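The structure appears below as structure tokens.
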Amino acid sequence: MTFKILWPVMRWPGDRAPELASVQSGGEALFFDSVKAVPAGVWGNADALVNGIDLDDAVRKQLTKCRIFVKPAVGFDNIDLKAWGDLGIPVCNVPDYGTQEVADHAIALMMDLMKGITFHTRELKKSPRQNWRPALNPFSKRLSVCTFGIVGLGRIGTAAALRAKAFGMKVVFYDPFVSNGTDLSIGVKRVHSLKELFGMSDVVSIHAPLSPSTTKLINAEVLAASKPGLILVNTARGPIIDLDALHDALKAGTVQAAGLDVLPEEPANPDHPLIRAWSADEDWIDHRLVLTPHSAFFTPESVYDMRFKAGEVALTYLSTGRLQNCVNAEFLKHRR
């Protein structure tokens, strides 16, 4: 039996080799460039759907044969999990395509700020001779005397913890959803509040998913508890940090520096006070903020895995019944 697996919006230009390879043993891949381009008959005959964005009720009602919806990414905050669950359709994600890359990027942002990579490069451009001064970097610290704090000890948080431990850093974490003993299994310390974590950490790295409960989780109250000299890193989701509060904490000196790969509004809003001050190289923020364009996940290898694993998850379920990475189980009272 051949299963029809539909990609209604192909995100990646060029060849479709990863998707085709993922379903070659029993699946037929159907590709379209937009939702509007998909004929009604194709919706009705699709056994599985792979898409990065949600579909409205009118389209969902046409999916009379669909048995699984896979989002080719980690985050699923833009998907109506209940609506799919009410139809008996599992929603699955691809949580393992960029674990190493995002953990690497979090450490890289920390290292950039603590070792002054961007700082020294910019200063040397101004005056290669006058600024050839190793001691010019104001944030330099020996890593092995520092504490690395983690918010969210999932796959990526654990990978970041192991990387920080390799530098000799003490690692602590806050995650109320992780079972007891997880800390013991990898040799890290658990704390039971964000204020405690921020108060004892030299670096805090965010690795939590975005949800209503984590939106603005890192707020003015939490930032006010920061240990002097704190560096804050976020490679998770932008809305987890209250950007207004971070602006105020940086300006007041409560937080020393920040490395952000994600922002509440993407692309970056040039009118936000923090982004505006950073863009203008205002003295108070200069060298204290490093931004990257939600690129932590990106390598050719991770993109291939993202694309391949999405089709693989769909075909595995259709052909064997094995459901992987289901994120709407609480709403899934029955399955088609």
**Fill in**
If we keep only residues of segment 56-66 that are more than 20 Å from Thr316 (Cα to Cα) and touching a residue at least 24 places away in the same chain (Cβ under 8 Å), then the residue surrounded by the most Cβ atoms within 10 Å (Cβ to Cβ) is Arg60
**Prompt:** Which one of these does Asp56 not meet: (1) modelled with pLDDT under 95; (2) touching a Phe, Trp or Tyr at 6+ places or on another chain (Cβ under 8 Å)?
**Reply:** (2)
**Prompt:** In segment 162-212, what residues are surrounded by 18 or more Cβ atoms within 10 Å (Cβ to Cβ), under 26 Å from Phe76 (Cα atoms) and not β-branched (Val, Ile, Thr)?
**Reply:** Phe173, Tyr174, Asp175, Leu194, Ser205, His207, Ala208, Pro209, Leu210
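I need a count of the residues in segment 1-14 that are among the aromatic types (Phe, Trp, Tyr) and either closer than 21 Å to Thr316 by Cα or modelled with pLDDT of 95 or more (or both). Before you say what the answer is, go through the steps one by one.
Residues of segment 1-14 that are among the aromatic types (Phe, Trp, Tyr), as a first pass: 3, 7, 12.
Among the residues that remain, those that are also either closer than 21 Å to Thr316 by Cα or modelled with pLDDT of 95 or more (or both) are: 3, 7.
Total satisfying the criteria: 2.
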**Message:** Which count do you get for residues in segment 61-73 that are farther than 30 Å from Arg155 by Cα and either at pLDDT 95 or above or touching a Gly at 6+ places or on another chain (Cβ under 9 Å) (or both)?
**Reply:** 4
**Message:** Please pick out the residue among Ala48, Ala37, Ala108, Ala17 that is within 26 Å of the chain's Cα centre (by Cα) and farther than 20 Å from Ala314 by Cα.
**Reply:** Ala108
**Asked** Among (1) under 26 Å from Trp7 (Cα atoms); (2) outside any helix (DSSP H, G or I); (3) free of Cβ contacts under 8 Å to residues at least 40 places away in the same chain, which single condition is Ala83 missing?
**Response** (2)
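The values are calculated or read from the model by the stated rules, or taken from the named source; none is laboratory data. None of these values were measured; they are calculated from a predicted model. In this analysis, Cβ positions are derived from the backbone assuming ideal geometry, glycine residues included, and neighbour counts consider all displayed protein chains.
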